[in-house]
Amino acid sequence: MKLTSRSVLRAALVSTLVTATTGAAVLMATSANAGTTLGASAAESGRYFGAAVAANKLSDSTYVGILNREFNSVTPENEMKIDATEPTQGQFTFTNADRIVNHARSQGMKVRGHTLAWHSQQPGWMQNMSGTALRNAMLNHVTQVATYYRGKIDSWDVVNEAFADGTTGARRDSNLQRTGDDWIEAAFRAARTADPGAKLCYNDYNTDDWTHAKTQAVYRMVQDFKTRGVPIDCVGLQSHFNSQSPVPSNYQTTLQNFANLGVDVQITELDIEGSGTTQAQNYERVVKACLAVTRCTGITVWGIRDSDSWRASGTPLLFDGSGNKKPAYTSVLNALNLGGTSTSTTTTTTTTTTTTTTTTPPPGGCTASVSLNSWNGGFVATVKVTAGASAINSWTVTMALPAGTTVTNTWNVQRSGNNWTNVSYNGRLAAGQYTEFGFQGTGSAAGLSPTCAAG
């Protein structure tokens, strides 16, 4: 999140039709406040509900009262960014970040570290560097900050906003990018070494709509990292919405498809401009989408009261400037207490499931089922492959596409005509276990009828 306003933020509104989260997850609540506050309600399904926190507001009793009562995770707004923690090269300052971390830990809250490497909010000395000197300075910064907080951070936003907006799917042109295309990978490897117990996330904005080039580019990077063993554990979607850029109809599909790569997904900077019923409904849609995806592990709102927001004039948060609960608060709490059941609000067809299996496959074989997220002229298909009563070592799905359909992108699968075969990391399935692959295309994919053969 920047201190300055963003350009276009998002597009189109959620359709979230999905099965409820598994009953086992709902049994995790232990807090006496379960069902009555955001953090406690989220904890019932093993998730967190957090807020971005500013150190200078920790002396505000209303602010702290809401923070302590409602949230079980915090993200420092600016106090861990590069200009705050290393204002002079080689001289690190953690006073304000420590205030937030210490407060959170004293309250039993998780801490999300934000952020280790970013093209923005660099101190002057870093802005004036380039090439090898900059690369080494960046890696030293990642190492020193992550080492200092080792064992205290649940998730790090290791790299922030490295992809450009628009239709190209290109990397953002920045001084860090100009040190070499592997700079993101290098930052993640350094972070893993420095803080091996923390989850390592890539975080970006305008990645909510599955069809957008930027979303696809981030997806391909994460897919590549997972394939090559680059340490990445989670993807953060910033999810800043307003009337011009509303919640996309395929938002849940985006969350699920990233999760299918074997990473957690986190909604890291949520705010939704508006008021009243419309704002409440939009918040509800986002929360239900997260709850419908097993690996969506938490939500962070970017601020506490509307007056604390970087977009204060848009009144985008759950509490008004006086700290009163808004209708959006009630809708979020109710959605959390429902534990993940959601309904379709558009004509888009989305049948993604979060249960471990929905059928009883034959012994020694496998079954395949397909769900579609369609729009005028295109679609995303997600195919679920489930092993039978015995483990399998490989699988091939046979599935013919309708005439006139063109596949433009695939993930987690090798395709040869009508045969779709596992890749190296998802062929072996234990009995009853499932994996998923997907593809995007133009035209219509209605009527797909996949069959599965195990090896």
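The values are calculated or read from the model by the stated rules, or taken from the named source; none is laboratory data. Since this is a predicted model, take the numbers as computed values, not measurements. Every residue, glycine among them, receives a Cβ derived from its backbone with ideal geometry; neighbour counts consider all protein chains shown. When the accessible area is computed, the model is the full protein with side chains, heavy atoms only, and any ligands, DNA or RNA have been set aside. Shrake-Rupley method; radii C 1.70, N 1.55, O 1.52, S 1.80 Å.
Residue 106: of a type in the set (S, T, N, Q) and free of Cβ contacts under 8 Å to residues at least 24 places away in the same chain, yes or no?
So residue 106 fits the description; yes.
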*asked:* Being under 16 Å from residue 378 (Cβ atoms) and either open to solvent by less than 60 Å² (accessible area, probe 1.4 Å) or outside any loop (DSSP other than H, G, I, E, B) (or both) is the filter here; which residues of the range 441-455 pass it?
replied: 441, 442, 443, 445, 448
*Do we have any residue at all in the range 386-401 that's at pLDDT below 85, farther than 23 Å from residue 225 by Cβ and open to solvent by 30 Å² or more (accessible area, probe 1.4 Å)?*
no
*Just need a number here: residues in the range 157-179 that are open to solvent by less than 20 Å² (accessible area, probe 1.4 Å) and at positive phi.*
2
*Scanning the range 273-292 for residues that are touching a residue at least 40 places away in the same chain (Cβ under 8 Å) and more than 19 Å from residue 42 (Cα to Cα), which turns out least open to solvent (accessible area, probe 1.4 Å)?*
279
*What are the pairs, 6+ residues apart or on separate chains, where a residue within the range 180-200 that is of a type in the set (A, V, I, L, M) has its Cβ under 7 Å from a residue that is in a loop (DSSP other than H, G, I, E, B)?*
184/162; 194/150; 198/153; 198/154; 200/231; 200/232; 200/233
*What helices (runs of 4 or more DSSP H) lie completely within the range 63-172 and have 3 or more residues being closer than 26 Å to residue 48 by Cα and hydrophobic (A, V, I, L, M, F, W, C)?*
95-106, 131-148
_Identity of the residue in the range 254-272, among the polar types (S, T, N, Q), open to solvent by less than 10 Å² (accessible area, probe 1.4 Å) and in a helix (DSSP H, G or I), that ends up nearest to residue 317 (Cα to Cα)_ = 254
*asked:* I'm checking my understanding of the structure. Among residues of the range 409-441 that are among the hydroxyl-bearing types (Ser, Thr, Tyr) and touching a Phe, Trp or Tyr at 6+ places or on another chain (Cβ under 8 Å), which one is farthest from residue 399 (Cα to Cα)?
replied: 410
*asked:* Considering only residues that are of a type in the set (S, T, N, Q) and touching a Gly at 6+ places or on another chain (Cβ under 8 Å), which ones fall in the range 145-190?
replied: 155, 179
_Flag for residue 214 being assigned to a helix (DSSP H, G or I), over 12 Å from the mean Cα position of the chain (by Cα) and under 30 Å from residue 313 (Cα atoms)_ = yes
*Working only within the range 18-47, note down all residues that are within 10 Å of residue 339 (Cβ to Cβ), modelled with pLDDT of 90 or more and open to solvent by 40 Å² or more (accessible area, probe 1.4 Å).*
none
_Of all residues being touching a strand residue (DSSP E or B) at 6+ places or on another chain (Cβ under 7 Å) and among the β-branched types (Val, Ile, Thr) in the range 212-228, which is surrounded by the fewest Cβ atoms within 10 Å (Cβ to Cβ)? Just the residue, please._
222
*asked:* I'd like the full set of residues that are in contact (Cβ under 8 Å) with a residue 40 or more places away in the chain and open to solvent by 20 Å² or more (accessible area, probe 1.4 Å), limited to the range 311-321.
replied: 311, 315
*Count, please, the residues in the range 229-245 that happen to be in contact (Cβ under 8 Å) with a residue 60 or more places away in the chain and open to solvent by 10 Å² or more (accessible area, probe 1.4 Å).*
3
*Is it true that residue 206 is surrounded by fewer than 24 Cβ atoms within 10 Å (Cβ to Cβ) and in a loop (DSSP other than H, G, I, E, B)?*
no
*Just checking, how many residues over the range 127-156 are open to solvent by 20 Å² or more (accessible area, probe 1.4 Å) and free of Cβ contacts under 8 Å to residues at least 60 places away in the same chain?*
18
*Output the residue which, of all residues in the range 293-310 that are under 15 Å from residue 326 (Cα atoms) and in a strand (DSSP E or B), is least open to solvent (accessible area, probe 1.4 Å).*
301
*State the number of residues belonging to the range 68-114 that are acidic (Asp, Glu) and under 17 Å from residue 317 (Cβ atoms).*
2
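Pick out the one residue from 50, 65 that is of a type in the set (Gly, Ala, Ser), within 23 Å of residue 318 (Cα to Cα) and surrounded by fewer than 18 Cβ atoms within 10 Å (Cβ to Cβ).
Numbers: 50 fails: surrounded by fewer than 18 Cβ atoms within 10 Å (Cβ to Cβ).
So the residue among 50, 65 that is of a type in the set (Gly, Ala, Ser), within 23 Å of residue 318 (Cα to Cα) and surrounded by fewer than 18 Cβ atoms within 10 Å (Cβ to Cβ) is 65.
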*Only residues that are surrounded by 21 or more Cβ atoms within 10 Å (Cβ to Cβ), more than 21 Å from residue 136 (Cα to Cα) and in contact with a helix residue (DSSP H, G or I) (Cβ under 6 Å, 6 or more places away or on another chain): list them for the range 79-116, please.*
79, 100, 111
*Among the residues of the range 404-421, how many are open to solvent by less than 20 Å² (accessible area, probe 1.4 Å) and of a type in the set (S, T, N, Q)?*
1
